[in-house]
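Report on one structure; see the data block that follows.
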Amino acid sequence: MSEQMHLSHVETVNFGSYYTPPDLVDAVYGMIQKNEPDWRAFRIIDTSCGYGNFLRFPRSIGADFDPKAIQEAGKQTHECTFFRHNSLSSVSRQQYGLSDDDKIIIVGNPPYNDRTSLIRNDLKAGTFETDKDLKHRDTGVSFLLSYNKLKADYVCVLHPLSYLIKKANFSSLSGFKDNYVLIDGMIISSGEFHDTSKTTHFPIIIALYKKSAQGMDYEFIRNHPFKTKDGKTFKINQFDSLGNYITKYPNHKSLSLNDTIAFFWTMRDINALKRAKTFIEHEVCNSIRVPKDKLSLYCYADVFKEYIPRIPYYFGNSDIMIDYEAFKNIEKSFMRKSLSKYPFLKKLSQEKASENDIFSINVYFQNLLSEHYVGKNAHTALCL
Ligand SMILES: C[S@@+](CC[C@H](N)C(=O)[O-])C[C@H]1O[C@@H](n2cnc3c(N)ncnc32)[C@H](O)[C@@H]1O
């Protein structure tokens with residue numbers, strides 16, 4: 001049985017109990033076997049095991065704080081050892097009956113609450129005890145830190161790609177990133193899980209980390225060739241980002257109203273832009289003041305939002321990308337396409353976008369995204 005069935009919606013959200021389908025468990029073991037031929041000499045542990053979907057081999061160890069999940073897991077296999085406990089409290093190898101000499105591989109899909117953070121805050125997720133050195137607002141990060149505390153030799157788990165690619169998140173992986181290196185990985189969509197149909201899909205990485213004194217720095221992540229399930233590869237540093245040219249956050253303190261010609265909603269990443277407004281008529285506490293000399297770049301963000309259906313899920317947590325030179329060549333097209341949509345911006349431009357403008361913008365996005373462009377054909381793009 002792979003699908004979790006005993007929790008209410010609220011509990012599922014609170015515990016992060018989205019169980020892993022068998023094909024993704026296969027992918028985890030495929031990765032381990034490819035990279036560590038001697039993997040059978042290791043003890044396999046899932047410290048957030050649910051019904052034990054990852055516990056396929058004798059002598060594996062499972063833990064979960066959900067009593068019904070552990071009960072169910074115990075029925076599935078008698079050859080594994082189970083612990084019903086909070087895996088983020090008093091974390092140690094002894095907790096699992098393991099010594100420092102045991103070689104261990106941690107597998108699984110720890111709970112994370114980055115996805116629908118608003119709902120989750122309402123539900124007050126994660127109010128249980130957590131070791132001081134593991135505390136983080138995202139439970140998934142706490143779990144990664146706990147693997148370092150257990151001194152796992154390998155870690156092969158699913159987690160949001162944002163933990164690696166967002167610099168602030170990556171920094172909060174402290175002990176983990178300093179002691180582990182990513183040696184293999186595959187990116188999948190959160191849409192592969194049940195119960196996620198109503199949310200915007202975001203990228204999840206099935207990541208294999210190996211203990212290493214070198215660890216990883218952010219440059220390593222920026223240069224890493226991430227592979228997606230459907231055979232695409234990308235690097236974070238292959239794109240320039242709009243954030244290098246404009247502020248994405250409120251700037252009330254640094255720009256006066258006199259120097260402001262428009263207001264724009266805060267931008268975080270591509271998925272946030274998808275849900276958010278762009279230009280707004282009146283200032284609010286988390287809007288951005290747009291100065292005249294940067295107006296075209298905010299028009300760019302506004303038009304970018306229209307093209308989000310052309311952008312694959314795996315860039316959902318990335319910054320808004322830009323080819324600055326190519327953009328500059330057709331800056332006016334972006335301005336006409338954007339400003340003419342908003343009656344309250346009429347004073348800035350009356351001109352409507354021409355067919356030529358639209359064509360140039362289509363070509364721009366096809367070139368920007370190249371093989372990542374969703375719906376490759378130029379004709380489809382023209383019908384946007
Ligand atoms: C995403 S599910 C994964 C379950 C299973 N590994 C799978 O992939 O099918 C996360 C599991 O973590 C458990 N969990 C959440 N916080 C925990 C904690 N602090 N200690 C132990 N288990 C926890 C939940 O009860 C849930 O079963």
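Descriptive notes on the structure:
- One residue stands out among those in region 16-34 that are in contact with a Phe, Trp or Tyr (Cβ under 8 Å, 6 or more places away or on another chain) and of a type outside the set (A, V, I, L, M): the one that is modelled with the highest pLDDT, which is Gln33.
- Meets criteria (free of Cβ contacts under 8 Å to residues at least 40 places away in the same chain and surrounded by 14 or more Cβ atoms within 10 Å (Cβ to Cβ)) for Cys80: yes
Conditions (1) of a type in the set (Ser, Thr, Tyr); (2) within 13 Å of the ligand (Cβ to nearest atom); (3) touching a residue at least 60 places away in the same chain (Cβ under 8 Å); (4) part of a loop (DSSP other than H, G, I, E, B), marked per residue:
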| site | (1), (2), (3), (4) |
| --- | --- |
| Ser142 | yes, yes, no, no |
| Ser146 | yes, yes, yes, no |
| Ala152 | no, no, yes, yes |
| Phe170 | no, no, no, no |
| Gly175 | no, no, no, no |
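- Count of region 162-178 residues which are closer than 19 Å to Ser92 by Cβ and either outside the structural domain of Asp26 (by TED's automatic domain parsing) or surrounded by fewer than 20 Cβ atoms within 10 Å (Cβ to Cβ) (or both): 2
- Of all residues in region 46-62, those satisfying the criterion of being within 11 Å of the ligand (Cβ to nearest atom) and either surrounded by fewer than 20 Cβ atoms within 10 Å (Cβ to Cβ) or in contact (Cβ under 8 Å) with a residue 24 or more places away in the chain (or both) are Asp46, Thr47, Ser48, Cys49, Gly50, Tyr51, Gly52, Asn53, Phe54, Leu55.
- Residue in region 247-262 that is closer than 22 Å to Arg336 by Cα and in contact with a Phe, Trp or Tyr (Cβ under 7 Å, 6 or more places away or on another chain) present: yes
- Residue match in region 181-200 (condition: outside the structural domain of Tyr313 (by TED's automatic domain parsing), out of contact with any helix residue (DSSP H, G or I) (no Cβ under 9 Å at 6 or more places or on another chain) and closer than 17 Å to Ser318 by Cβ): no
- Residues located in region 247-282, provided they are in contact with a helix residue (DSSP H, G or I) (Cβ under 9 Å, 6 or more places away or on another chain), closer than 18 Å to Asp319 by Cα and not in a loop (DSSP other than H, G, I, E, B): Phe264, Trp265, Ile270, Asn271, Leu273, Lys274
- Candidates Lys135, Lys103 - the one that is in contact with a helix residue (DSSP H, G or I) (Cβ under 8 Å, 6 or more places away or on another chain), modelled with pLDDT of 95 or more and not polar (S, T, N, Q): Lys103
- Residue match in region 38-45 (condition: of a type in the set (Gly, Ala, Ser) and near the ligand (Cβ under 7 Å from one of its atoms)): no
- The sole residue among Asn317, Asn356 that is of a type in the set (S, T, N, Q) and in contact with a Leu (Cβ under 8 Å, 6 or more places away or on another chain) is Asn317.
- Cβ-Cβ contacts under 6 Å between residues 6 or more apart (or on different chains), taken from a first residue in region 244-264 that is in the same structural domain as Phe344 (by TED's automatic domain parsing) to a second residue that is at pLDDT 95 or above and basic (Lys, Arg), are listed as Ile246/Lys294; Asn251/Arg289; Leu255/Arg289; Thr260/Arg289; Ile261/Lys292.
- Residue within region 202-209 that is under 24 Å from Ala41 (Cα atoms) and of a type in the set (Ser, Thr, Tyr) present: yes
- Residue match in region 32-39 (condition: surrounded by fewer than 21 Cβ atoms within 10 Å (Cβ to Cβ), assigned by TED's automatic domain parsing to the domain that holds Thr20, within 28 Å of the chain's Cα centre (by Cα) and without any contact (Cβ under 8 Å) to a residue 12 or more places away in the chain): yes
- Test: residue in region 221-243 that is crowded, with 16+ Cβ neighbours inside 10 Å, within 16 Å of the ligand (Cβ to nearest atom) and either at pLDDT below 95 or within 30 Å of Ser349 (Cα to Cα) (or both): no
- Scan region 129-161 for residues that are within 28 Å of Tyr314 (Cα to Cα), surrounded by fewer than 19 Cβ atoms within 10 Å (Cβ to Cβ) and touching a Gly at 6+ places or on another chain (Cβ under 9 Å) and the total you get is 1.
- Of all the listed residues (Ser340, Ser333), the sole one being crowded, with 20+ Cβ neighbours inside 10 Å and touching a residue at least 12 places away in the same chain (Cβ under 8 Å) is Ser333.
The values are calculated or read from the model by the stated rules, or taken from the named source; none is laboratory data. The structure presented is a predicted model; accordingly, all values stated were derived computationally and were not measured. Every residue, glycine as well, gets a Cβ built from its backbone with ideal geometry; the counts of neighbours run over all protein chains shown.
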